[in-house]
Structure formats: C-alpha cells, structure tokens
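Scroll down for the structure; my scribbles are underneath it.
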Amino acid sequence: MLLNEKPERSETMSGIFSTLNTARRGMFAQQQAVSTAGHNIANAATEGFSRQRVHMTATPGFLIPNAGVVGTGVDIVSISRIRDSYLDVQIRLEKAIAGNYKARQEILEQVEMVFMEPGETGLNTIMGRMWDAWQELAKSPENSNARTVVRDNAKTFTDSLNHLYEQLNTLKKDSISIAEKKIFDAESILTQIKSLNDQIFKIKLKNQEPNDLMDQRDLLLDKLSEIMDFSASEDKYGRVIIESAGRTILQTEKGNEMPLQMSLVRSIETLEDGRVQVVLVRGGDSIDGLTTLAMTQEEYDSYALDENSPSFLQEGAVVFNDPSCNDNYHGNAGLSLFEVNHGELKGYQNIGTEVAKYQSQLDGLARAVAYAVNTIHADNGDPDGHSPVSFFVGEGGSSDISSINAGNIRVNQAIFDDMDNINTGRAWDSPEGNGERALAIARLRNAWLPIQEFIENPDTTAAYNADEMKFENISGGSTFEGYFKDVIAGLGISAEQAKRKVENQDALTGQLIQRRYSVSGVSIDEEIACLIQYQHAYQANANVISTLTAMLDTLINRMGV
C-alpha cells in the first residue's frame, strides 16, 4: 500500500476494535483492583485477615510487519494475600513457649495463695506456736490448761497440713481438668483445619487462590500453637500437614484425616483382682470420650519409654491413641506418650508434677515431725507394761511413720480421751512437776534432721540419744522451720520465674505480631491511595473507549462511505 493510498476499511476497523478490547481489559482489571481494595478496607479490623493485592501482567501483543509488537492490554494474574510465612513460624513458636509459662504462672499463683506465707495464718507460724506450747508445758507440766494448749496447737498444726495437702490435691486435679479442656480445644481446632483443607483443595484444583480460607486456617494454627508446639507444611494442593512430638496428627497423603487422637489419663486405679484400670478421656471429651481400659500389671508396665522407666500412664499424662479406641481394647489400645516441648499442655503437665512435689515435701515434713515427736514422747515405757502412746498417728490411727503423710497426720485420739496421756516427765513414774520430756520435744524446733529423706523413704531413722532425749544433728539436715522456708523459697522462685518468662514472651510475641501487621495488616491510608490510583486508571480506560467511540463515529458517519 502506497503512502497516498487510503487504508482498507477492514484493517482500520480491526485496529479500533482491538484497542476497544484493550480498554475493556483495563477497565475490568482496575474494577477488580478496586473490589480487592474495598475487601481489604472492609476487613481492616478482622482478626487474622491478610491484605490482598491484585497482580497484573501485560497480555501478549501482536506483530505488525516492519513496525513492531503492539500491546493488547492487561490481564489479572492472581489475587494473592501478603503474608510472611517465616514470621508465622516464629510467632507460633513464641506463642507455644508463652503458653507453657502462662499455664505454670496460673497454677503457681494459686499455690502461693494456698501456702499464705509469710503470714500469721501460715503453717510456719502455726508450727512455731506448737513448739511454744510444748515449751510452756515444760514449765508447768501438771497444769491441765497447758496440756490443752499443746493438744489444741498440735491439732491446728495437723489440720493445717491436712488442709494444705487437700488444697494442693484440688489444684492438681484442676490442672488435669484444664488439660482435658485444652486437648478438647486442640482436637476441635484440628477438625476445623481438616474442613478448611477440604475446601482449599477444591478451590486450588481450579487454579484459584482461596485467600480468605487460608487466613482462617492460619488463625486456627496460631490458636493451636498456644496449646502445643507443632510443625506445619503444605502439600501441592495447599493442604496443611501437621506434625507434633514426632508424629503426624493431620495428614493429606492417605486422605485428609487425623490418624491419631490426643487423650488424657484422668485416673489410675489398681483393682482387687490385680488389674490396673486406666480412665482415658479421649480427645478431651469428658462426656462422650470417657473410656475405661482394664489391663494386667504386665500390660500396664509395658507402656514405658524404656525398660528402666516406669509406665508413662500416670494421672494427667497426655497420650496418643487410636481414634477407634474403646472399652473393648483393654490393654491393647495403641497408646503412646505425647511429649510436647512447649504450649499450655506442657505447662499443665509440668505444673501437675510440681504440685505433687510440694505435696511430697509436706509429706516429708509431716513424717519428720511425727517421727521426732513420737520418738521422744513414747520412749520411756517400763517392763511392767506401761507404754506411753504416740502423739501423732496417720492412716487408721497407726503410728507407723510409713502410714503418715501430710494428708492424714493427726493427733492421737488417746490424747483427746485422756489429757494425762501427754507424756511430760523423764521417766514413766516421774514426780509431778517434771517437764523434762516436754522440754526435749520443744527443743526439736532447733534439731537438724534428715527431713528430705522422709519423702522417698518413710522408714528413715535418725540417731537418738535416749539418755539426753535428743537427736544428733545430721550433716546436710535442716530444722523444721528452715526446711519449710526452703520449700516456700523454691515456690517463690518458681512463680517469679514463670511470671518473668510470661512478661518476656508477651513482649517478644508482641513485637513479632507488630512486624506481621506491618507486612500483612491493612493500612486504611494505603488502601485509599490505591483506590484513587485504580479509580483514575479506570476513568482513563473509559476515556480511551470514549475516544474510540468518537473515532468510530467519524469513520462510519462522516466519511460518506
């Protein structure tokens, strides 16, 4: 075609319509960008929402000979969410660590309130009053009022020990109950993630991005991380695979399913026939998930990490089990220990063990006091049958130290029946007014005894000199007051450490969440700026169409063709 020749009408029309299509694509792309910005603004305050962006790319052009490639407009490649997966991993780990210490802090603060130390109503003060009462009795052993004061102060001491023990027992049971709820929450979250995996899979098959569904799933993963630590990975269809404690708890290879169930051991009981009864709360469901497993002692012992370890089936233990486990499984329930490293579950498991430790320490104190007082109180019997009674007794009224603990120690009923059974004199037939034995008991306040050994070995003994009515000081031993103060100091340090860790983790997690928000959060100012940009681009594309319309009008109506 020569320069002075008119172009063919078909070529001109084709060029105009091609440009119209380019403008139409531009308008559609900007319209979707406006819609996405509006979606971001609408969800600015939605928990877990990640801002989204429309990614555009130029469409393939066509070649004009001797001229070049002419563009044909724009297409939307994807609408993706802005998310930093590395930050997600960091935040979930720190949340798990924080969950561990928050659980510990919650229970330890209650333990501190139970002990009420230091204070006028604390056990240390009550124990001191008991020694003071013996001291006063030594001054006037014939005084019935002094005997009554000894008896009553000793009873207050044993009642306080009993009360402390029961309160700690209640806290231990509470920690188990809370752990049950946390397992139930974890199982519920995993079920929701499983459902979201199914929905994400169906959308991914259509080569689309289920951004909002993935945000919901990430929010659930954040909540799960507070309960337990885990690792998460995605398969090629965007479904998440979750592993914890070296086991897969949500898989996608063999169908989107949960191959294992988390459960909690509520109680252990030895039956009359010698079998061990294990009450399992499957999935933390305390209503429909209660399963009673009856197993032989050998089967029970087989659930151990190695041959030198006891069975891990202990009260409050978190275990994995087959989801189909029921009462008919007996000893073959496929149980394995769920060893979490962090999270609230870890905290409640550990704190149950720590509360049991405080109970054991109180047991040691109760046995040591009973052993020391009883030894002095009842060592002056005569061959003719006179035998002073033990002052403190335990289960069934037995004076055997192995039967005494902080939960059952009490003053012998014989003391209440006859105040004269309180032995105060050096010999069984000491004259009235002899209070040497009462004084020896009062001096136990400053005796150094192996109190710690009474925890693991209730039959512990200490060297006793009957002539002097005193115990030899034990190297490495402690006084009753010193021992109890050490227990309280250890509790205080543990509680303070948990509090400090919670504060540190909250600060660290807060910084990470702020960083995540700077990446994924919605900035209203930014979205409005983008809206203005998209609006102008939309209007410009509309102006292109208006211009092309005018060109078509000129071509068709004004050229006289």
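Please treat every number below as a calculation from the coordinates, not as lab data. In this text, all values refer to a predicted model and were calculated from it rather than measured experimentally. As a convention, Cβ positions derive from the backbone with ideal geometry for all residues, glycine included, and neighbour counts pool all protein chains shown.
See the values below:
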{"item": "Which of TYR517, TYR538 has the fewest Cβ neighbours within 10 Å, and the rest in rising order", "result": "TYR517, TYR538"}
{"item": "Anchor LYS102: aspartates and glutamates whose Cα lies under 13 Å away (excluding residues fewer than 8 positions away in-chain)", "result": "GLU94, GLU226, GLU344, GLU496, GLU503, ASP506"}
{"item": "Spread of Cα-to-Cα distances over 5 Å intervals beginning at zero, given as percent, for region 412-478", "result": "4, 14, 19, 19, 19, 15, 8, 2, 0"}
{"item": "Region 418-457 and region 159-213: distance between their alpha carbon centers, rounded to Å", "result": "54"}
{"item": "Over 26 Å (Cα to Cα) - which of LYS155/LYS499; LYS181/LYS499; LYS223/LYS346 fall in this group", "result": "LYS155/LYS499"}
{"item": "Tensor-based shape of region 113-217 (alpha-carbon gyration tensor, a/c under 1.5 rounded, otherwise prolate or oblate)", "result": "prolate"}
{"item": "Cα centroid separation - region 524-540 against region 236-268, whole Å", "result": "45"}
{"item": "Relative packing of peptides 162-172, 82-92 - highest average C-beta neighbours within 10 Å first", "result": "162-172, 82-92"}
{"item": "Residue order, fewest to most beta carbons within 10 Å, for ARG275, ARG24", "result": "ARG24, ARG275"}
{"item": "Lysines with Cα under 20 Å of LYS202, excluding same-chain neighbours fewer than 8 positions away", "result": "LYS194, LYS236, LYS254"}
{"item": "12 Å Cα-Cα reach of LYS206 towards aspartates and glutamates, excluding residues that sit fewer than 8 places from it in its own chain", "result": "none"}
{"item": "Sorted by Cβ neighbour density within 10 Å, fewest at the top, the residues TYR303, TYR348", "result": "TYR303, TYR348"}
{"item": "For peptides 504-511, 352-359, sequence by mean Cβ density within 10 Å, most packed first", "result": "352-359, 504-511"}
{"item": "Global form of region 261-339, assessed from the alpha-carbon gyration tensor, a/c cut-off 1.5", "result": "oblate"}
{"item": "Rounded Å value of the spacing that divides the Cα centres of region 68-86 and region 93-155", "result": "71"}
{"item": "5 angstrom amide H check on SER267, placed H, neighbours 5+ away", "result": "VAL279"}
{"item": "Contact order relative to length of region 261-339, as percent, for alpha carbon pairs under 8 angstrom and 6 or more apart", "result": "31"}
{"item": "Highest-first arrangement of 413-422, 361-370, where packing means the average Cβ count within 10 Å", "result": "361-370, 413-422"}
